[in-house]
Amino acid sequence: MQQAWDAIIVGGGAAGLWAAGTAAMRGRKVLVLEKNNKAGVKILMSGGTRCNITHHCDSRKIAEAFGKQGKVLLSVLNRLSPQDVVKEMEALGVATKVEDTGKVFPASDRAIDVRDAIVKRLRDANAQLQTGAPVTNVRLNAMGGFDVHASIHEQPIALHCKSLLLTTGGLSFSGCGTTGDGYPWAEAFGHTITPLRPALTPLLSNQAWVQSLSGLTLDDISVTARLQSEGGKLLSMERSVSRGGFLWTHFGCSGPTAMNVSRCFSDEVHDVQRSLSIDLLPNETRESCELWLQEATKQSNKSITNLISQRIPKRIAQVLMEQIGAPEDVHGAEFSKKHRNMLLERLKNLSIPIQGTRGYPKAEVTAGGVALGEVNFQDMQSRKQPGLYFAGEILDLDGPIGGYNFQAAWSTGHTAGLAI
C-alpha cells in the first residue's frame, strides 16, 4: 500500500463511503480505513436490515426535523438533497420505494444492496477501501498534512495525507464498531465535544401495568416527554413531542414515537420526575372526545369497556378502567361523571413513569458530538485545524427516525468529498 494520499477517511460508514466516492470522482487519491472486517456495518443493521435510505420530502423538511441543529444542514442539503440520493441510488442499480410513513427503502428490502452500491461507487472512482484497519492515532505532521497510524490486519502502518476526514460515528450500536474513537482526536485538534447521550433508544418503565401490555402496538398516537422538577416546574426541552407508531414492551415502551423523544430522557438531569404523556386519540380534541364519551355512556346496553374498545385496543381499555377504579363490566347508566372525567383524562393524557432508556447498546444514534459552530458546513472543514474535516454522526447532529440521519450522513459526506 502506498504511504501518501490526498485524503484519508477514517471510518467506513455511510458518510465516509459516500465522501470517498465523491472525492475520488474528482481525481483525488483517497483511502478509507475501516476497523471492522466489512464496511457499512451500521448500514447493514439499520431499518431491520432494510436500510431506511432517506425520507420522501424536500431538503427544508429534512433540516426542520433536526430542530435548532438543522439550520446548518441547509447548505449541505443543497449539494445533495433527498431526491439526489434517490437518483444516485437508482443510477447505481438500487431501485427504491416510498412507504406510507414517507420512509424511503430499497425496493428489495435489502440493506446490503445499499451498502454494496456505495462501495461500488467509490471503487469505480478508484478510491481504496481498507477493512480490518483500526486507526490508533492521528496527528499533525510538522511538514504539513497529517500522519495516520493504523494496524492493517494486525500489522502496524504509518500513512500520510494532505486532508483528513473523520467519519468515525458516535457511541450508538457499539457492536457496529462505533465506540467513539474520533472524539479524543477531535479534542486533540482543539474541538469541543458537546455532552454525549444516547438517542433513538427504547424507554424503561417499571410499572407493572405498562409491562402487562407488552407486545401491543398502536399505529397513531402522540407522545410528549415530560421532565418535572421537585418544585413542579416542567423543564423546557426541544423535540419532546412525536406522533406515529408506539410499542409496549416487557421493559417499558419503544416504537418510533417513544424513540424519537428518548433523547429527552437521556440528559443527566437530577431530581426530576420523568414521564411520557400519551394522547391515545390524537385526531380528537378534548371537547370532541368528551362529547363522544357522553353519547357512548347513554348506550346502557353496552359496557364502557366495550364502547371505548371501538377506539382503542381492548387490553388498554381494561387497564384504563382498572386505573380509574371502575368495574370492567360497568354499563353507561352506572358510569359516574367522576369516572368519565378520569377516563377522558387518560385517553388524552395517559402518563407513563419513565426510569430511563436502554442506552447506547440499543440507540440508533448519538446525541452530542463535535460542536457545530466549530465546523464550516460549506465544506465540512474544521474551523480549528485547516485540512481536518468531519462528517456524519461524529457531529452534534441527531434527527428522528425516518431516514433523516442517513440523509445527514450522505449530505455531509458528499460536501466533505467535494473539498478534501
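Every read-out reported here was derived from the displayed coordinates using simple, explicitly stated rules and does not represent laboratory data. If you're wondering where the values come from, they're calculated on a predicted model, not measured in any experiment. Because the Cβ atoms are built from the backbone with ideal geometry, glycine has one as well, and the counts that use them run over all protein chains shown.
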Let's test the formula: R0 of 45 Å, r as the Cβ-Cβ distance of residue 149 and residue 288. What FRET efficiency results, to the nearest 0.05?
0.10
Through the Karplus equation 6.51 cos²θ - 1.76 cosθ + 1.60, θ set to phi - 60°, convert the phi angles of region 32-38 into ³J(HN,Hα) values in whole Hz; use x for Gly and Pro.
9, 10, 10, 6, 6, 7, 9
Among the lysines, which have Cα under 20 Å from the Cα of residue 120 when same-chain residues fewer than 8 positions away are ignored?
29, 35, 38, 42, 87
Taking R0 as 56 Å, what's the FRET efficiency between residue 383 and residue 336 from their Cβ-Cβ distance, rounded to 0.05?
0.30
Rough spin-label spacing in nm, given labels placed 7 Å along Cα→Cβ, for residue 208 and residue 45:
3.5 nm
Roughly what angle does helix 111-124 make with the longest principal axis of the chain, taking Cα atoms, 0 to 90 degrees, to the nearest 10?
20 degrees
So if I place +1 on the C-beta of Lys and Arg and -1 on the C-beta of Asp and Glu, and nothing else carries charge, what would the dipole magnitude of the chain be about its Cα centre? I want it in debye, nearest 20.
280 debye
Based on C-alpha coordinates, I'd like the Rg and Dmax of region 1-159, in Å.
17.1, 55
The answer for residue 97, listing residues at least 5 apart or on another chain whose modeled amide H is closer than 5 Å to its amide H, is 105, 107
Which order, highest average first, do 199-209, 307-317, 289-299 follow once you tally other Cβ atoms within 10 Å for each residue and take the mean per peptide?
199-209, 307-317, 289-299
What's the ranking of 237-250, 389-402, 328-341 by average number of surrounding C-beta atoms within 10 Å, highest first?
389-402, 237-250, 328-341
Could you quote the convex hull projected area for the chain, Cα atoms only and averaged over all directions, in nm²?
21.9 nm²
Looking at the calculated P(r) for region 130-216, what percent of the C-alpha pair distances fall above 14 Å?
74 percent
Based on C-alpha coordinates, I'd like the Rg and Dmax of region 292-356, in Å.
11.7, 43
On C-alpha positions alone, give me the angle between the axis of helix 314-323 and the longest principal axis of the chain, in degrees, nearest 10.
70 degrees
Over the Cα atoms of region 333-420, compute the convex hull volume and normalise it per residue, giving Å³.
164 Å³
Mind listing the phi-derived Karplus ³J(HN,Hα) values for region 144-159, rounded to whole Hz, using 6.51, -1.76 and 1.60 with θ = phi - 60°, and x for any glycine or proline?
x, x, 9, 9, 10, 9, 9, 10, 9, 6, 6, 10, x, 8, 10, 10
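Order by neighbour count: 112, 352, fewest other Cβ atoms within 10 Å first, most last.
Least crowded to most crowded, the residues run 112, 352.
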At a temperature of 37 °C and a viscosity of 0.692 mPa s, determine how fast region 151-280 diffuses translationally according to Stokes-Einstein, using the Kirkwood radius over alpha-carbon pairs as Rh; express D in µm²/s, rounded to the nearest whole number.
186 µm²/s
Please work out the FRET efficiency for the pair residue 299 and residue 92, using the Cβ-Cβ distance as r and a Förster radius of 60 Å; give the result to the nearest 0.05.
0.55
Taking only the C-alpha atoms, wrap a convex hull around region 245-378 and report its volume per residue in Å³ as a whole number.
162 Å³
Against the longest principal axis of the chain, how steep is helix 82-91, in degrees 0 to 90 to the nearest 10, with axes from Cα atoms?
60 degrees
At 7 Å along the Cα-to-beta-carbon direction for both residue 179 and residue 322, put a label point, then send me their distance in nm to one decimal.
4.4 nm
Given H placed 1.01 Å from N in the peptide plane, which residues other than close sequence neighbours of residue 389 have an amide H under 5 Å from its amide H?
164, 165, 166, 382
